[in-house]
Structure formats: structure tokens, C-alpha cells
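I have a structure I would like to understand better, so I am pasting it below and will then ask my questions one at a time.
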Amino acid sequence: MSATRLPGTPRLLRALNDRAALELLLERGPLTRARLGELTGLSKVTASQLVERLEERGLVTRVGEQVGGRGPNAQLYAVRPGSAHVVGVDVGAERVVAACADITGAVIGRVEQSTRDTDDPVGVVHNAVVQAASSAGAELSSVRRVVLGTPGLVDPGTGDITFAFNLPRWHSGLLAALREDLHTPVVFENDVNLAAVAEAQSGAAQGLADFVLVWVGAGVGLAIVLGGRLHHGSSGAAGEIGYLPVPGVPIPRDVSKRSKPAFQQLAGADAVRAVAAEHGFAGDTAADAVTAAIAAGTAGGPVLDELARRLALGVASTCVVLDPPLVVLAGEVGQAGGAALAERVQHEVAAITLVRPRVVPTGLTEEPILRGALRTALDAVRDEVFGSTVG
């Protein structure tokens, strides 16, 4: 009986080798053909063929020569930045921020626009994406994916927005309208989930497959990462802990009427400012009030203690179900509270539950939602571009 031949195996191996080489070039910077061969375990001939193939496809380019060796200087190769672009968008109640990155991940364009005086979300996003690409010197046709971070629910089945508490003009059907308008793949993702993507990439959760991120700002939200993947839930509502029923505040019976959810009443930005004010600490924002309490040293301790007790109700409820090794406190309050608040929350959670997760402040200081949107877009586009190198 003859062995069954696997059709396409050489082609598959070439594709796998190409992908490995491209990832190495992104990670290690410019490399020679010989060095690529060493790192991938390929022969010199195979490595040379690989580089020629990627160069023909416009994915790598010569960027210089390696000097100092014997004989002729070896050519250095790198991923060609302009082979593809992505745009990430952070959509808030009052502004939209968009950034354009090339396929290496370098952010090369950025714009910020107000959303206060418009009823046209398609026009707002269109202008932001076009201007971000233009400021990057990139043709819109080279933008392979746009990822938008939005507050509220995103339907896992359709990818459309189903509920956005503070974006009343954003509605079902918007995704199709944006895709038609921009002629490129557009993806919605919950903003707190994108913050967790950024935290895993370059923040406090690097190297962890399981963790949760609690966002404390104007609203309160949760991102769940299990096995290195975001958990969205069947309706996209996983992590909406602002709606967690908690003692000490009224529990609304009809959240669709824009009444404040229970846990948000207890731990959202308005509540944080009220707690700080009770102890004599004022601020234009919740972050300012927390910062003032921390700066006051011992005198500000009661503010942090009370905030920790409130936050621990949501964190503990989450942790007794998921039992994650790490909880990241993010958002304006989590960032402002820093280690002082995180340590108190960790102590309080351990005191009222059987689990003892480590609680830490966010490791990111600038635009985590936007960074998560760009990372999500880049991962998808690299899969598409790097996974189709063999014709």
C-alpha cells in the first residue's frame, strides 16, 4: 500500500518559513540572509530563496549593509513598513482619536476630533480615518483594517454595536455603513477589552494568559482574558460589571431607561469624587481628587480605604467566579490610585473571599484603548499579509 501524499506540503512549508522569517525581522530588526537562515534553521540556499520571494512580494526591502565581516558586506533586510497600514480609533462621548500605524507597528499619523456638535457618526469616523492616514502619508487603499474601540456592547455574531450608554447616536447598522463608506474591513470592539489587549502587550499583564482588567472611570467595566483570549460572552456583555447588583445603592429595574447601574453608582467617577469631597479633597476630575488624596499622605488614607472597600465588591465578585491570578486596575481612577489603591483593594478582596489575586495598577500611561485597537488591527493584518506570501 503506497503512502498517501499530502498535496501542497512544500507550499505550506514555504508559507510557514516565510511567516517565521517576517516575525523575526519585526522582532530582531534588520537581518542578513545568513542570519535569517541561522535563526530559522534553514540552509543558505533556502534562506536566500525565501528572502527573494518576500522581496518580490514587496514585504521586505534592503535597508543597508552589515560591515566588519570578511569579504563583501552582506545586505541587511527588513520588513517594508509601507506594505500595509492599519488605523485604530478610540471613540468617546466628546472626542474621537484615530492613529495610523504601518505594518511594523510604528505609529506614523494621529488626529483628534470633537464629537460634540455632530449627529453623523459615519462622517466623524470617516474624517478621522482619512485624516489619520493622510497625516501618515499613507494611501487609504493601503489601510487594510480599521478597529474602533467603543463603550458598550458589541454583538459577537454580527460585530455591530447593540448598546452604547453614552453614545446614543451609535446604533445597529453602523458597521455596514462604515465598511461601505471606507471600502475596508472595519471592526468594533469594546473599549475596556482593547485596554486589556494593550495591557497584555506592553503593560502590567505581559506574559500572562489569564487576568482581568477593571476599568474605573466615568463608567466601570471589566475585561476578561482567559487562555490569552478575550472572553466576550454570548451577547457581548461579559465584563459589564457596572450593572453588578451590590449592596448600599438602589438597584434599577429597567436599565434601558438610562438609569445608573448599581455598581457604577457605587464606584464610578461621580462616586469617587463624592467620597473624596466628603474628606475634604476636591478635583475637576475623579483622577484629580484621588491624586490629591494620595498627595496628602496619611490624611488621604480614609479616601483610599473607602474606595478600596467599594471596588473590592466588584473585584471580589469577579474573582470568586474566574479566580484569575492578576487583577489590573485601569481607567483614570485606577491609574491615579496607583499602588496605594491597588494594595488596599488586594487586601480587601482577600479579607472577604477565599481567593487572593494579585492586584496591580495599570502599567500604561497613555491611550491604552487606542494602543489596543492598533494591536488588534495589526495582529489581524499580519495574519492576512504574512499568511499569503506563497502564490
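For the stretch 314-337, what are the residues that are assigned to a helix (DSSP H, G or I), farther than 11 Å from A287 by Cβ and of a type outside the set (A, V, I, L, M)? Talk me through it step by step, then tell me what you get.
To start, the set of residues in the stretch 314-337 that are assigned to a helix (DSSP H, G or I) comprises 314-322, 331-337.
Okay, now just the ones that are also farther than 11 Å from A287 by Cβ, so 314-322.
Selection gives G314, S317, T318, C319.
Evaluate the following for A133: is it assigned to a loop (DSSP other than H, G, I, E, B), at pLDDT 90 or above, of a type in the set (A, V, I, L, M, F, W, C) and over 18 Å from I369 (Cα atoms)?
Values: assigned to a loop (DSSP other than H, G, I, E, B): no; at pLDDT 90 or above: yes; of a type in the set (A, V, I, L, M, F, W, C): yes; over 18 Å from I369 (Cα atoms): yes.
Judged against the criteria, A133 is not a match.
Of all residues in the stretch 98-123, which are crowded, with 19+ Cβ neighbours inside 10 Å, within 21 Å of the chain's Cα centre (by Cα) and either more than 30 Å from G58 (Cβ to Cβ) or small (G, A, S) (or both)?
A98, A99, A101, G109 - these are the residues of the stretch 98-123 that are crowded, with 19+ Cβ neighbours inside 10 Å, within 21 Å of the chain's Cα centre (by Cα) and either more than 30 Å from G58 (Cβ to Cβ) or small (G, A, S) (or both).
Could I ask something else about it? In the stretch 109-124, which residues are of a type in the set (V, I, T) and either at pLDDT 95 or above or in contact with a helix residue (DSSP H, G or I) (Cβ under 6 Å, 6 or more places away or on another chain) (or both)? Working first, answer last.
Going residue by residue through the stretch 109-124, those that are of a type in the set (V, I, T) are 111, 115, 118, 122, 124.
Scanning the stretch 109-124 gives V111, T115, T118, V122.
Separate question: Any residue at all in the stretch 317-325 that is closer than 30 Å to D102 by Cβ and of a type in the set (D, E)?
Quick first cut of the stretch 317-325, residues closer than 30 Å to D102 by Cβ only: none.
The answer is no; no qualifying residue exists.
So how many residues does the stretch 36-58 have that are basic (K, R) and over 33 Å from the mean Cα position of the chain (by Cα)? Write out each step before concluding.
Going residue by residue through the stretch 36-58, those that are basic (K, R) are 44, 53, 57.
With the extra rule that they be over 33 Å from the mean Cα position of the chain (by Cα), the set shrinks to 44.
Total meeting the criteria: 1.
Something else: Would a scan of the stretch 262-271 turn up a residue that is touching a residue at least 12 places away in the same chain (Cβ under 8 Å), of a type in the set (F, W, Y) and more than 22 Å from E240 (Cα to Cα)?
no
Any residue at all in the stretch 138-153 that's in a helix (DSSP H, G or I), over 19 Å from R95 (Cβ atoms) and polar (S, T, N, Q)?
Within the stretch 138-153, the subset in a helix (DSSP H, G or I) is 140-142.
With over 19 Å from R95 (Cβ atoms) added as a condition, the list becomes 140-142.
With the extra rule that they be polar (S, T, N, Q), the set shrinks to 141-142.
Yes - at least one qualifying residue is present in the stretch 138-153.
Scan the stretch 262-309 residue by residue and report those that are within 27 Å of the chain's Cα centre (by Cα) and among the aromatic types (F, W, Y).
F263
Exactly one condition in (1) crowded, with 17+ Cβ neighbours inside 10 Å; (2) free of Cβ contacts under 8 Å to residues at least 60 places away in the same chain; (3) part of a helix (DSSP H, G or I) is false for A223; which is it?
Of the numbered conditions (1) crowded, with 17+ Cβ neighbours inside 10 Å; (2) free of Cβ contacts under 8 Å to residues at least 60 places away in the same chain; (3) part of a helix (DSSP H, G or I), the odd one out for A223 is (3).
To keep it simple, each residue is scored yes or no on (1) among the aliphatic types (A, V, I, L, M); (2) assigned by TED's automatic domain parsing to the domain that holds L31; (3) surrounded by fewer than 21 Cβ atoms within 10 Å (Cβ to Cβ); (4) part of a loop (DSSP other than H, G, I, E, B).
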| position | (1), (2), (3), (4) |
| --- | --- |
| E65 | no, yes, yes, no |
| V87 | yes, no, no, no |
| V96 | yes, no, no, no |
| N127 | no, no, yes, no |
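Here is a follow-up. Quick check on the stretch 122-160: of everything there that is of a type outside the set (A, V, I, L, M) and touching a Leu at 6+ places or on another chain (Cβ under 6 Å), which residue is nearest to L175 (Cα to Cα)?
Residues of the stretch 122-160 that are of a type outside the set (A, V, I, L, M), as a first pass: 123, 126-127, 131, 134-135, 137, 139, 141-142, 144-145, 149-152, 155-160.
Pick out the ones that are also touching a Leu at 6+ places or on another chain (Cβ under 6 Å) and you get 149, 159-160.
Numbers: G149: 13, G159: 7, D160: 6 Å.
My answer is D160.
In a strand (DSSP E or B) and modelled with pLDDT under 95 - does that describe any residue in the stretch 163-176? Outline the logic, then answer.
Just the residues of the stretch 163-176 that are in a strand (DSSP E or B), to begin with: 163.
Of the ones still in play, those that are also modelled with pLDDT under 95 are 163.
Yes; the residues of the stretch 163-176 include at least one that is in a strand (DSSP E or B) and modelled with pLDDT under 95.
Scan R375, R358 and give me the residue that is in contact with a strand residue (DSSP E or B) (Cβ under 7 Å, 6 or more places away or on another chain) and among the charged types (D, E, K, R). Explain how you work it out, then say what you get.
Numbers: R375 fails: in contact with a strand residue (DSSP E or B) (Cβ under 7 Å, 6 or more places away or on another chain).
Only one candidate qualifies: R358.
Condition check ((1) in contact with a helix residue (DSSP H, G or I) (Cβ under 9 Å, 6 or more places away or on another chain); (2) surrounded by fewer than 22 Cβ atoms within 10 Å (Cβ to Cβ); (3) touching a residue at least 12 places away in the same chain (Cβ under 8 Å)) across all residues:
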{"site": "A289", "(1), (2), (3)": "yes, no, yes"}
{"site": "I294", "(1), (2), (3)": "yes, yes, yes"}
{"site": "T298", "(1), (2), (3)": "no, yes, no"}
{"site": "V303", "(1), (2), (3)": "yes, no, yes"}
{"site": "A312", "(1), (2), (3)": "yes, no, yes"}
{"site": "D323", "(1), (2), (3)": "no, yes, yes"}
{"site": "V327", "(1), (2), (3)": "yes, no, yes"}
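In this structure, is V60 outside the structural domain of A373 (by TED's automatic domain parsing) and over 30 Å from V129 (Cα atoms)?
Numbers: outside the structural domain of A373 (by TED's automatic domain parsing): yes; over 30 Å from V129 (Cα atoms): no.
Considered against the rule, which asks whether it is outside the structural domain of A373 (by TED's automatic domain parsing) and over 30 Å from V129 (Cα atoms), V60 comes out as no.
Follow-up. Which residue, of A237, A164, A198, A223, is touching a Leu at 6+ places or on another chain (Cβ under 8 Å), under 27 Å from L307 (Cα atoms) and assigned by TED's automatic domain parsing to the domain that holds C100? Spell out how you get there, then give the answer.
On the way: A237 fails: assigned by TED's automatic domain parsing to the domain that holds C100; A198 fails: assigned by TED's automatic domain parsing to the domain that holds C100; A223 fails: assigned by TED's automatic domain parsing to the domain that holds C100.
On inspection, the qualifying residue turns out to be A164.
The values are calculated or read from the model by the stated rules, or taken from the named source; none is laboratory data. It should be emphasised that the depicted structure is a prediction, and the values quoted were computed from it without experimental measurement. Don't worry about glycine lacking a Cβ; one is built from the backbone with ideal geometry, like all the others, and counts go over all protein chains shown.
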